[in-house]
Structure formats: C-alpha cells, structure tokens
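For reference, the structure is listed below as structure tokens.
The values are calculated or read from the model by the stated rules, or taken from the named source; none is laboratory data. Quantities reported herein were computed from a predicted structural model and do not represent experimental measurements. Note: ideal-geometry Cβ built from the backbone for every residue, glycine included; neighbour counts use all protein chains shown. The accessibility values were calculated without ligands, DNA or RNA, using every heavy atom of the protein model including side chains. Shrake-Rupley method; radii C 1.70, N 1.55, O 1.52, S 1.80 Å.
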Amino acid sequence: MKMIGIIILLFVVLGIILSNGRGSFLIAGFNTKSKEEKEKYDTIALCKFMGKVMFALSASMVLWVISEALEITWLFTVGLVLFIAIMIFMLIYINTGNRFRKWKNRV
C-alpha cells in the first residue's frame, strides 16, 4: 500500500509539472522526435492533456488504496477497469485526429 501511495504521489507531481505546460521531455515518443518534428506540435496543449491524464490515473489508483484499507475487493476492480479505460482513451485520443498539431502544419 505504501508503494502505491508513492506512485500516486509521483503521478500527482508529474501531473502538476505537465499541467503547467512543461515537461514535454517526459512524454514517451514525443521526446524521441527530431526538433523539426517537435515544432509541428503544440507542446503546451499536449503537456496539459497529459497532466490531466496523470491526475485521472492517480485518482483511479486512490481507489486501489481505499479498497485495500477497507478490504473492499470490488473497489479495486473498479479502479483497475477505470485505469485501463483511461489508458485506452488516452492512446486513442492522442493518436487520432491530429489534435495536437499546430494549425499551420495540419494536413
């Protein structure tokens, strides 16, 4: 339970950093792009979205801690399903529709 608490705290700190529009180097895949490719994206909007995702993931993990503390098994299941659903939504949302491309570079 302590380990999950540390992970939740880490996710919240990362969420704060990303919500401020900073920390794009922490986003996997984006940090490996060339400088020219990175310039095609609205990094602030991408960081803010990822910050919201980090907060949502940490909230779902809070359900895990509560389920263990209160010994309510179904609450862990709800938190896990929510965690997986958030991850699937994030992957689909980011990788479809060129949402984070700058307007002048949209095709």
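Per-residue ellipticity at 222 nm computed for the chain from its helices equals -23000 deg cm²/dmol, with DSSP H segments shorter than 4 residues left out and the rest contributing -39,500 (n - 2.57).
Rounded to the nearest 20 debye, the dipole size of the chain about its Cα centre is 680 debye, using +1 on the Cβ of Lys and Arg and -1 on the Cβ of Asp and Glu. The label-point distance for Leu26 and Ala45, in a model that sets each label 7 Å from Cα toward Cβ, rounds to 2.2 nm. Using every pair of distinct Cα positions in segment 25-107, the Kirkwood expression returns a hydrodynamic radius of 14.5 angstrom. The label-point distance for Ile84 and Thr96, in a model that sets each label 7 Å from Cα toward Cβ, rounds to 1.9 nm. Evaluated over the chain, the count of Lys pairs having alpha-carbon atoms less than 23 Å apart is 18 (only pairs 8 or more residues apart or interchain).
Expressed as a whole percent, the accessible surface of the chain that belongs to carbon and sulfur atoms is 68, based on a 1.4 Å probe.
Here the label points at Trp103 and Ile7, each 7 Å from Cα along the C-beta direction, are separated by 4.1 nm in the simple model.
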